[in-house]
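Here is the structure we will look at.
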Amino acid sequence: MLRKILFVAAALVLSYFVGSRFDFVPILKTATALAQGQRSLSSRDSKSGSRPAADASIGGGDIAPIRAVADPYPVFDGIALDPANNLVAISDENHHSLLVYDRASGGKSDAVTEPRRRIMGAATEMGFVAGVTMDPEHHEVYTVNNDSGDQVTVYSYQSDGNAVPARRLFVPHQSWGLSLALGRGELAVTTQELNAVEIYSRTAKDLTKPSRQIVGMDTGLEDPHGVVMDERHNEIVVSNHGNWTQFRPYTNYDPLNLDQKYVPGRFDPASITVYPITANGNVKPERTIQGAHTALNWAMGIDVDAQHDEIAVANYGDDSVLVFKRDDNGDAAPIRRIYGPNTHIVGPVGVAVDTKNNELWVANYGDHTALVFSRTDSGNVAPKRIVRNAPAEAATCGFTNASAAAYDPKRGEILVPN
Amino acid sequence: MPRVSAFARLANGAVAPKRILEGQATHLSRTMHGMDFDVPHDEFFIPVALSGAVLTFPGGAGGSEPPKRVIQGSKTGLVRPQTIAVDPVHDELFVGDPSARAVYVFHRTDNGNVAPIRVLQGTKSKLVEVTSVAVDPVHDLLIAGQRGPTPQTTGLLIFKRTDNGDVAPRAIIAGPKTRMYHFRQVVVDPKVGKIYVAVQDIWYKPAAPYASSNVRSDFAAEKNEEALKWTTSPFDPSTKGFIGVWDIHDDGDVPPRAVIRGPESRLLEPGGVALDPGHGEVIAVDGGVNGYQVYLVPQFFQSEFWSLLAHGLRLQP
């Protein structure tokens, strides 16, 4: 009995301490406020009842954290250029926003580069955004939720703040890359888990079936990411991580499909696959860049410089940008590689070529920057300009909708997979 | 971005990881909805949904280090594994695969194209979208968290650790009182027999617009709003997600024994949970905040606390 009394007393003291003293994580407060601003409760939440009386018998409660790790700044992902209107749009998957900068932005300063506009907030319907594309004719910018809301959202160039999208287009879960073909009036979307590219009408909205899909065992699509519709050469170019497994519906809304012949998963090298621009169905690629000489390593965003017949790749896995000849095929070595400590390339996800101004842009996920190089730069070269979304010394936490954790008591470490 | 980040236990604020594991050679992919650390053998385990594989890394792995073991191939049965738990006592790995509606069990040290030693799968098992697995070697139980087609099958299915084939769960913790509608990682503290669940939302997850590569014929955003309404929730709507704690012997539509939730907790949509019993801490990984929070709750790791709570003595503020 004495033991119980002592335990109760100790627990009450501890409870007071926990409940009243730990309130010193201001950065988390900022991050939480940002997240709450964007993910405010929908109307359905307000329809539920008040806190039930049964909660009184439940232990724990509204306990403040003693420590927290979160990034209060944007983290860049996809990038798109509109040289005609002197704009650059970069997606931010950390706080679910889209930042629009002047094309000539950036410099050598350690300070934050102010965007022209930042589209952000619950009304924008942005989740964990990935690819970006811009429409210089209709003055629209597109981004896609790779997670947390399966849709492409489209905004006018004038959109700013907590803006409602001009339209939304539902797409399959895990869609990543976007590319417009304005001459054809089409939008291409890559989807990781389906190993597919969907083609929609440019103006498609809401629940519209794709007009065609590149999907199937022969396509060579394996965890596709970046995509470009190259209208000059009538091709679709796709970057692939190299992961493949067959798709079987997995949600609780879908029946188990036992009729499907089992094909085990596999790891293949990363690749770039090229298809006719009218491809539809289980189409073999016209060309595939793949192999040890390519140095491809988690190829993310890509861009095609149709004028100079080149393909630029954000090569996330080794902190580089690779440039291939557009018509390369097989185990081809890149013709240029921007790589090394002077480049400040850290976890590149987006890349875009500006032939008008002879520049190449890189969006880093691994730190808080986008970098501007001369188009033909190669080797360990410093960028011409740096666009910063955080002060130069700011750390990058690197979370993307993490949904698991483990604790390692030997090293005293918290492990978090994205 | 697919990566495993290692943070110092005392990290606080906007802090970079001490170590990052990422790159082509690691074989990691997105959708790593589970991981587990094997303390006695100093290894951790990760499922690879997009390549149908299970990876084993040394405890201190970083950079572009390749896995030391890979389970993948035609004998494995793996389609799209999303979650994993290790039982270092019985040297077994439990792998949840929602695409196969199954939990596969492998030897802990399996490598290559190997068949599972047991497979839980079938209508009696009620396994559908397996979102989490946890194993309790003390009570000899396997816990599979899942989203089922109804509230009655959306929750925790508890099996004997050694169950094999199409076996009914011995207990199901599910129903409106659990508020466990949309959740991911589940972990167990075997010492005091408690199950921790990272609940992302108190509302049932609606259908996605696509089923495979086809538009879902009955999908409409407005209909999804309707679908959410049938999951009546008595929970305070001021927060969406929470960490819930159940007893390993719970069964039926029972509320959590304890929760961490509310504005002060700053939890929005926690999808991951890990335990540090040595320091009395619970770690919640939160996709809503895009970060993680650590809670000091040493009482949660004490049997006396749970005994007193069961008798109506509440020790919390």
Calculate the tail of P(r) for chain A: the fraction of all Cα-Cα distances greater than 32 Å, expressed in %. 40
Going highest first, how would you order A:188-200, A:357-369, A:274-286 by mean Cβ packing within 10 Å? A:188-200, A:357-369, A:274-286
Once the dipole of the protein assembly as shown is set up from charges on Cβ (+1 Lys and Arg, -1 Asp and Glu), the residue from the list A:Val69, B:Val199, A:Gly183 lying farthest towards its positive end is B:Val199
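Can you compute the charge dipole magnitude of chain B about its Cα centre, using +1 on each Lys and Arg Cβ and -1 on each Asp and Glu Cβ, nothing else charged? Give it in debye, rounded to the nearest 20.
Numbers: 32 positive and 33 negative charges, 81 e Å.
Around 400 debye, computed over chain B.
May I ask you to sort B:His311, B:His279 by Cβ crowding, counting other Cβ atoms within 10 Å and putting the fewest first? Could you put the intermediate results ahead of the total?
On the way: B:His311 8, B:His279 16.
Lowest to highest Cβ neighbour count: B:His311, B:His279.
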Check which residues have an amide H placed less than 5 Å from B:Ala211's amide H, if you skip close sequence neighbours. B:Arg216
Report, in deg cm²/dmol and to the nearest 500, the calculated mean residue ellipticity at 222 nm for chain A, where each DSSP H run with n ≥ 4 adds -39500 (n - 2.57) and the sum is divided by the residue count. -2500 deg cm²/dmol
Pairs of lysine residues in segment B:4-273 - Cα separation under 19 Å, sequence separation of 8 or more or cross-chain: 13
Given H placed 1.01 Å from N in the peptide plane, which residues other than close sequence neighbours of B:Thr131 have an amide H under 5 Å from its amide H? B:Gly145, B:Gln146, B:Arg147
Mind checking segment B:36-144 for trypsin sites (Lys or Arg not before Pro) that DSSP puts in a loop (not H, G, I, E or B) and that have at most 13 other Cβ atoms within 10 Å? B:Lys68, B:Lys75, B:Lys124
Starting with the fewest neighbours, write out A:Leu256, B:Leu78 ranked by other beta-carbon atoms found within 10 Å of each beta-carbon. A:Leu256, B:Leu78
Excluding residues fewer than 8 positions from A:Lys209 in its own chain, the aspartates and glutamates with Cα under 17 Å of it are A:Asp150, A:Glu186, A:Glu198, B:Asp218
Take each of the peptides B:179-191, B:34-46, average the number of other beta-carbon atoms within 10 Å over its residues, and list them starting from the highest. B:179-191, B:34-46
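By average Cβ neighbour count within 10 Å, what is the ranking of A:167-179, A:136-148 from highest down?
Details: A:167-179: 24.3, A:136-148: 21.3.
Final packing ranking: A:167-179, A:136-148.
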Computed log₁₀ I(q)/I(0) - Debye formula, equal Cα scatterers, no solvent, segment A:207-266, q 0.24 Å⁻¹: -1.18
With +1 on each Lys and Arg Cβ and -1 on each Asp and Glu Cβ, and nothing else charged, work out how big the dipole of the protein assembly as shown is about its Cα centre, in Debye to the nearest 20. 1220
Determine the principal axes of the Cα atoms in chain B, then give the extent along each, sorted from largest to smallest and rounded to whole angstroms. 50, 49, 39
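If you count the DSSP beta bridges with both ends in segment A:76-388, what percent of them are antiparallel, to the nearest 5?
Values: 93 of 98 bridges.
For segment A:76-388, the DSSP antiparallel bridge percentage is about 95.
According to the Cα gyration tensor, what semi-axes, each the square root of 5 times an eigenvalue, does the equivalent ellipsoid of segment A:234-350 have, listed from largest to smallest in whole Å? Write out the running numbers ahead of the final one.
Numbers: eigenvalues 182, 67, 33 Å².
Its equivalent ellipsoid spans semi-axes of 30, 18, 13 Å.
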Inside 10 Å of the C-beta atoms of A:391-402, what's the mean count of C-beta atoms belonging to other chains? 6
Over segment A:90-186, what per residue volume does the convex hull of the Cα atoms give, in whole Å³? 108
Cα-based Rg and Dmax for the protein assembly as shown, in Å, come out at 24.8, 84
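Where Lys and Arg each count +1 and Asp and Glu each count -1, what net charge lies around B:Pro98 among other residues with Cβ under 11 Å from its Cβ?
Working: positive: A:Arg248, B:Arg80, B:Arg101, B:Arg147; negative: A:Asp254, B:Asp97, B:Glu129.
Value of the local net charge: +1.
What does the average come to when, for each residue of peptide A:205-218, you count the partner chain Cβ atoms lying within 10 Å of its Cβ? Could you put the intermediate results ahead of the total?
Values: counts 0, 3, 8, 1, 3, 4, 0, 0, 2, 0, 2, 1, 0, 0.
Taking the mean over all residues of the peptide, I get 2.
For chain A, what does the relative contact order come out to in percent, with C-alpha contacts under 8 Å and a separation of six or more?
Working: 1051 pairs, mean separation 49.5, N = 418.
The normalised contact order for chain A reaches 12 percent.
How big is the dipole moment of chain A about its Cα centre under a simple scheme where the beta carbon of each Lys and Arg is +1, that of each Asp and Glu is -1, and everything else is neutral? Debye, nearest 20, please. List each step's numbers first, then the result.
Details: 38 positive and 49 negative charges, 232 e Å.
The calculated dipole for chain A is roughly 1120 debye.
Bear in mind that the values in this text are calculations on the coordinates, not laboratory data. Here the structure is a predicted model, which is why all the values come from computation and not from measurement. Backbone-built Cβ (ideal geometry, glycine too); neighbour counts: all protein chains shown.
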